[in-house]
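The values are calculated or read from the model by the stated rules, or taken from the named source; none is laboratory data. Quick caveat, the model's predicted, so the values are computed rather than measured. Reconstructed Cβ throughout: ideal geometry from the backbone, glycine too, with neighbour counts over all protein chains shown. Surface areas here come from the heavy atoms of the whole protein model, side chains and all, with no ligands, DNA or RNA. Shrake-Rupley method; radii C 1.70, N 1.55, O 1.52, S 1.80 Å.
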Amino acid sequence: DTAVSQTPKYLVTQMGNDKSIKCEQNLGHDTMYWYKQDSKKFLKIMFSYNNKELIINETVPNRFSPKSPDKAHLNLHINSLELGDSAVYFCASSQVTDSPLHFGNGTRLTVT
Amino acid sequence: SQQGEEDPQALSIQEGENATMNCSYKTSINNLQWYRQNSGRGLVHLILIRSNEREKHSGRLRVTLDTSKKSSSLLITASRAADTASYFCATPIQGAQKLVFGQGTRLTINP
């Protein structure tokens, strides 16, 4: 009965590799997001999608490419991983853009 | 720059005491939200207060909002060990369709 689920929970990879994180929500929400949380717990929005359409791209390097095959899924693909990409990535969803967010449990990405 | 900033950054109290966390923000808002994050988990929404509300309660939580000072506070009464977590305020940026978070207050409840 998980509301927002993302996989994998942990991802350890080497610099230069390409990796993907998947996210699914079963809440029927129209809007989905990717947030990045750094080591100081600062949470920064990366992307948001409304009904499969990109509405926010928060000056994220184009090595990061979100894809929303339907409004229940928002995946994140990262090319040519760098050390600075190490962080926890959270997927979230909401009914409308200023209503409460429901978060997944995060994917801890470590780039070595 | 950040929209919301929490104060203090860290707070350690004894079980049973009350905990107060503050949040300041910069632009006009139509609501302000508080979230809790337990270690290794995602954020969980606690309470939303609208700009025309001054105070809101939910169980042991009390949130106040002062739009003239652009600040909010979260009070947790009769704290429990399970309240140990990081607490974040968040505000929607009008017209930008996004929710911006502060850096959080790390609350530790000592048994």
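Every listed requirement among (1) part of a loop (DSSP other than H, G, I, E, B); (2) within 24 Å of B:Ile29 (Cβ to Cβ); (3) at pLDDT 95 or above is met by A:Ser80 save one, (2).
Among the residues examined, A:Ser5 does not qualify as touching a His at 6+ places or on another chain (Cβ under 8 Å), surrounded by fewer than 17 Cβ atoms within 10 Å (Cβ to Cβ) and either over 22 Å from A:Val96 (Cα atoms) or not β-branched (Val, Ile, Thr) (or both). Note on the range A:88-110: residues that are at pLDDT 95 or above and open to solvent by 10 Å² or more (accessible area, probe 1.4 Å) total 6. Entry remark, the range A:70-87: residues being crowded, with 19+ Cβ neighbours inside 10 Å, in contact (Cβ under 8 Å) with a residue 40 or more places away in the chain and under 16 Å from A:Asp38 (Cα atoms) number 2 in total.
For A:Lys67, indicate whether it is away from chain B (no Cβ under 14 Å), outside any loop (DSSP other than H, G, I, E, B), of a type in the set (Lys, Arg) and free of Cβ contacts under 8 Å to residues at least 40 places away in the same chain. Before the answer, list the steps.
Numbers: away from chain B (no Cβ under 14 Å): yes; outside any loop (DSSP other than H, G, I, E, B): yes; of a type in the set (Lys, Arg): yes; free of Cβ contacts under 8 Å to residues at least 40 places away in the same chain: yes.
For A:Lys67, the condition - away from chain B (no Cβ under 14 Å), outside any loop (DSSP other than H, G, I, E, B), of a type in the set (Lys, Arg) and free of Cβ contacts under 8 Å to residues at least 40 places away in the same chain - is met.
If I go through the range A:91-101 residue by residue, how many of them are more than 7 Å from chain B (Cβ to nearest Cβ) and in contact (Cβ under 8 Å) with a residue 60 or more places away in the chain? Spell out how you get there, then give the answer.
If we filter the range A:91-101 for residues that are more than 7 Å from chain B (Cβ to nearest Cβ), which is where we start, we get A:91-96, A:99.
Now drop any that are not in contact (Cβ under 8 Å) with a residue 60 or more places away in the chain, which leaves A:91-96.
Qualifying residue count for the region: 6.
Taking strands (runs of 3 or more DSSP E) as the structural unit, those lying wholly within the range B:17-81 and holding at least 1 residues that are open to solvent by 60 Å² or more (accessible area, probe 1.4 Å) and away from chain A (no Cβ under 14 Å) correspond to B:19-25, B:55-58, B:61-66.
If a residue must be part of a loop (DSSP other than H, G, I, E, B) and polar (S, T, N, Q), how many such residues does the range B:88-111 contain? First the steps, then the outcome.
Of all residues in the range B:88-111, those part of a loop (DSSP other than H, G, I, E, B) come to B:94-97, B:102-104, B:111.
Next, from what is left, pick out any that are polar (S, T, N, Q): B:94, B:97, B:103.
Going through the range B:88-111 one residue at a time, the tally reaches 3.
Hey, could you check the range A:51-61 for residues that are more than 8 Å from every other protein chain (Cβ to nearest Cβ) and not aliphatic (A, V, I, L, M) and say which is least open to solvent (accessible area, probe 1.4 Å)? Give the derivation first.
Applying the first criterion (more than 8 Å from every other protein chain (Cβ to nearest Cβ)) to the range A:51-61 yields A:51-54, A:57, A:59-61.
Then keep just the ones that are not aliphatic (A, V, I, L, M); that gives A:51-53, A:57, A:59, A:61.
Numbers: A:Asn51: 83, A:Lys52: 108, A:Glu53: 126, A:Asn57: 85, A:Thr59: 129, A:Pro61: 67 Å².
Here the residue is A:Pro61.
Going by the conditions given, is B:Leu11 in a strand (DSSP E or B) and within 11 Å of another protein chain (Cβ to nearest Cβ)? Spelling it out, it is not the case that B:Leu11 is in a strand (DSSP E or B) and within 11 Å of another protein chain (Cβ to nearest Cβ).
Cβ-Cβ distances below 8 Å connect the following pairs, each with a first residue in the range A:29-46 that is away from chain B (no Cβ under 11 Å) and open to solvent by 10 Å² or more (accessible area, probe 1.4 Å), a second residue that is in a loop (DSSP other than H, G, I, E, B) and of a type in the set (A, V, I, L, M), and a separation of six or more residues or different chains: A:Asp30/A:Val96.
If I filter the range B:82-111 down to residues being of a type in the set (A, V, I, L, M, F, W, C) and at the interface with another protein chain (Cβ under 10 Å from one of its Cβ atoms), which single residue comes out as farthest from B:Ile29 (Cα to Cα)? I'd like the intermediate steps shown before the answer.
So in the range B:82-111, the residues of a type in the set (A, V, I, L, M, F, W, C) come out as B:82, B:85, B:88-90, B:93, B:96, B:99-101, B:107, B:109.
Of the ones still in play, those that are also at the interface with another protein chain (Cβ under 10 Å from one of its Cβ atoms) are B:88, B:90, B:93, B:96, B:99-101.
On the way: B:Phe88: 16, B:Ala90: 10, B:Ile93: 7, B:Ala96: 12, B:Leu99: 11, B:Val100: 11, B:Phe101: 13 Å.
By that ranking, first place goes to B:Phe88.
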